[in-house]
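What follows is one structure encoded as structure tokens, with my remarks underneath.
The values are calculated or read from the model by the stated rules, or taken from the named source; none is laboratory data. Model, not experiment: these values are computed from the prediction. So basically every Cβ, Gly included, is an ideal-geometry build from the backbone, and we count neighbours across all protein chains shown.
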Amino acid sequence: MTAAVPMDERARRPLRNAPRAATGGQLIVWAALLLAAAAVMSLSIGSTGITLDALPRVITAWITGRTDASVAREQLVLLDIRLPRLLLGLFVGAGLAVSGAMMQGLFRNPLADPGLVGVSAGAALAAVATIAFGNGLAAVWTKIMGVYALPFSAFAGGVATTAILVMIVARQGQLATATLLLAGIALGALSTALMGLIAFASDDRELRDLTLWMLGSLSGASWPKVVAVLPFALLVGLGLPRLVRALNGLLLGEAEAFHLGVDVERMKRQIILITAAAVGAAVAVAGIVGFVGIIVPHLVRLVAGPDHRIVLPASALLGGALVLTADVAARMALRPAELPLGVVMALIGAPIFLHLVVKRGMGAG
Amino acid sequence: MNALRSGAALAALLTSLLGAAAPACGGGNVVTDGGGRQVEVGDASRILSIGGDVTEIVYALGAETRLVGVDATSQFPPRALREKKNVGYMRALSSEGVISVDATVVLASAGAGPPEVVKTLKATRVPYVEVPDEHSPAGIAGKVRLIAKAIGAEAEGERIVQQVAADFVSLEAARAKIRQPVRALFVLGVQNGRATVGGQGTSADAILKLAGAVNVAAAVNGFRPLPDEAVVELAPEVIVAMRRTSSSDAHGVEQLFTLKGIQSTPAGVGRRLILMDGLYLLGFGPRAAAAAKDLMASLYPDLAGANPTP
């Protein structure tokens, strides 16, 4: 049903435009408030019990350079553990949600999601290969790239997978749901199989590490990682606004978009590049975190309609809020131990996804 | 919020009190840890132990009351996980989780991870002592001495080192009596019909050798899953595996001998399976010599009768 919404929406646009725009504006405000709340929560909740009360002390100490042991501990937790974690969580959530929204626009299919159609797996394969061969075959690459080796590998893996997906789906002419999903599942399975091959060649300890990494987690957040994803975040942030018009045009169909003056092929390439940048960098820092890219844009469209001027920013804000909230749950559930973020996200996301499938008949089109 | 804050205040008070008392039990020790770093341990009044063997040594040193937290692999003594805070699996630590137990010294196995978290922890003011992960009698002595020095219990540590050395001497004497070494295979687990076996460089390989057996999987590197056919070729006379919970024992045994490859080996025909506690057998803590001796007694029932273990 949702697949058909864009058409209906366009047809009734003159009538519905005004109220939708109002709802869209409200949604963005609410999403920003939610994100702010989630960010405060992420900074002030953790197993040490240090709260934002400590922030003034920490800042004073930071400015004056005078610290005693207890303030040093608070400084470490707030500034070196929780703050990079907050920023990475924000990037991962916003990046995955926006990638989902862009892929759904590109494929004109509400089921397109980096996780479901294998882009995450492709990025993960490249990342796993980098981890496994980083000291051997790929030593030169990791040496030259330093902290950027992992995000760039994952980015390349994401680009390759998305490009293959586009080639397969485009050969069929019509962008059919079944082709997209099946091709994506096959690509995902292939990536997973190759990861299995790498895992087979690893010893017991590397194997456990790879398994834990694939479950997804933000627990290794650090400033170098924030620096590593920064160029990707910039690319996505600067690239997105330029794609809004093209994505809105694509809602009507490729031919229609072309007639609206959109350089369709060029735009497609840019969408692929930006999606891969966001997914690749997210996978590189947090492993595989599913469902953000499918449920967030979907909920946004349910409330505010398909206009990408609303969908993209609202998805980014809500995606960030969702991942930050899930991360707080992940770190508090078993404290001082931690649950993998990917597990928490799947526990939250899968039921919502099922609910959408059942209630909304999503993907029926 | 208020309760939380007063709790924190209380903890701070306790820390400072214990901290003041610490020098009495030998603070200010500089140790060279497993990673080659010089670590100064000023106050060992609140210990966090990460790694089953590390926790075992801390208990053996009689520092139980100073231990505030352990990791999920610290299964001996069993009360460790019941009574102390659990910071989770040692390969999936969380920086803040580790910091939250408010330890004054962290003793962590070299196997702890993920690397980013270990890096963050090493950068904190709390001394982080990396304990090497070695599978040899000398390695055990080194671990005990390192931990004993770090927590200021050298005398007790030396006593344990002597005890361990004596245990290994008597183990060696027992091993000398073996005329025909048994061909043994260590099976870590069975997944999808394939047995993961312990090859060269593993703790399993080390303990099999200490117990006077020949590890038939010595050609394999690390813990690896082996196809059925390869297991047939290795032709082990006995299979050694870890005992999990008491309830699933029977199940595990059945599963092992349902594998066609294992069935047709001499071990499968004779249904010779030795089950031992994982940490006891592979932990390479102070009990390693005893574990090797127990394993030897199971491997060579005839010898065990003539030479009863103390």
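Numerical summary
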{"quantity": "Qualifying helices (runs of 4 or more DSSP H) (wholly inside segment B:75-127; at least 1 residues being hydroxyl-bearing (Ser, Thr, Tyr), without any contact (Cβ under 8 Å) to a residue 60 or more places away in the chain and within 7 Å of chain A (Cβ to nearest Cβ))", "calculated": "B:95-100, B:115-122"}
{"quantity": "Positions within segment A:299-356 being more than 26 Å from A:Leu251 (Cα to Cα), part of a helix (DSSP H, G or I) and of a type outside the set (A, V, I, L, M, F, W, C), in sequence order", "calculated": "A:Thr325, A:Asp327, A:Arg331, A:Gly342, A:Pro351"}
{"quantity": "Per-region count, segment B:26-74, residues assigned to a strand (DSSP E or B) and modelled with pLDDT under 95", "calculated": "8"}
{"quantity": "Matching option when the condition is more than 14 Å from every other protein chain (Cβ to nearest Cβ) and either among the hydroxyl-bearing types (Ser, Thr, Tyr) or within 26 Å of A:Thr192 (Cα to Cα) (or both), among A:Gly287, A:Gly280", "calculated": "A:Gly280"}
{"quantity": "Failed item in (1) in the same structural domain as B:Ala292 (by TED's automatic domain parsing); (2) under 16 Å from the mean Cα position of the chain (by Cα), with B:Gly111 passing the rest", "calculated": "(1)"}
{"quantity": "Segment A:194-220, residues that are β-branched (Val, Ile, Thr) and away from chain B (no Cβ under 11 Å)", "calculated": "A:Ile198"}
{"quantity": "Which listed residue, of A:Gly320, A:Gly293, is within 19 Å of A:Leu243 (Cα to Cα), small (Gly, Ala, Ser) and touching a residue at least 40 places away in the same chain (Cβ under 8 Å)", "calculated": "A:Gly293"}
{"quantity": "Selection status of B:Gly157, assigned to a loop (DSSP other than H, G, I, E, B), surrounded by 20 or more Cβ atoms within 10 Å (Cβ to Cβ), under 19 Å from the mean Cα position of the chain (by Cα) and of a type in the set (Gly, Ala, Ser)", "calculated": "no"}
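Per-residue answers, yes or no, for (1) among the aliphatic types (A, V, I, L, M); (2) at pLDDT 90 or above:
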| position | (1), (2) |
| --- | --- |
| A:Lys268 | no, no |
| A:Ala276 | yes, no |
| A:Ala282 | yes, yes |
| A:Asp307 | no, yes |
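This table checks each residue for (1) touching a residue at least 60 places away in the same chain (Cβ under 8 Å); (2) touching a Ser or Thr at 6+ places or on another chain (Cβ under 8 Å); (3) assigned to a loop (DSSP other than H, G, I, E, B); (4) within 30 Å of A:Ser120 (Cβ to Cβ).
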{"residue": "A:Met41", "(1), (2), (3), (4)": "yes, yes, no, yes"}
{"residue": "A:Ala61", "(1), (2), (3), (4)": "no, yes, no, no"}
{"residue": "A:Ser70", "(1), (2), (3), (4)": "no, no, no, no"}
{"residue": "A:Leu76", "(1), (2), (3), (4)": "no, yes, no, no"}
{"residue": "A:Pro84", "(1), (2), (3), (4)": "yes, yes, no, yes"}
{"residue": "A:Leu87", "(1), (2), (3), (4)": "yes, no, no, yes"}
{"residue": "A:Val98", "(1), (2), (3), (4)": "yes, yes, no, yes"}
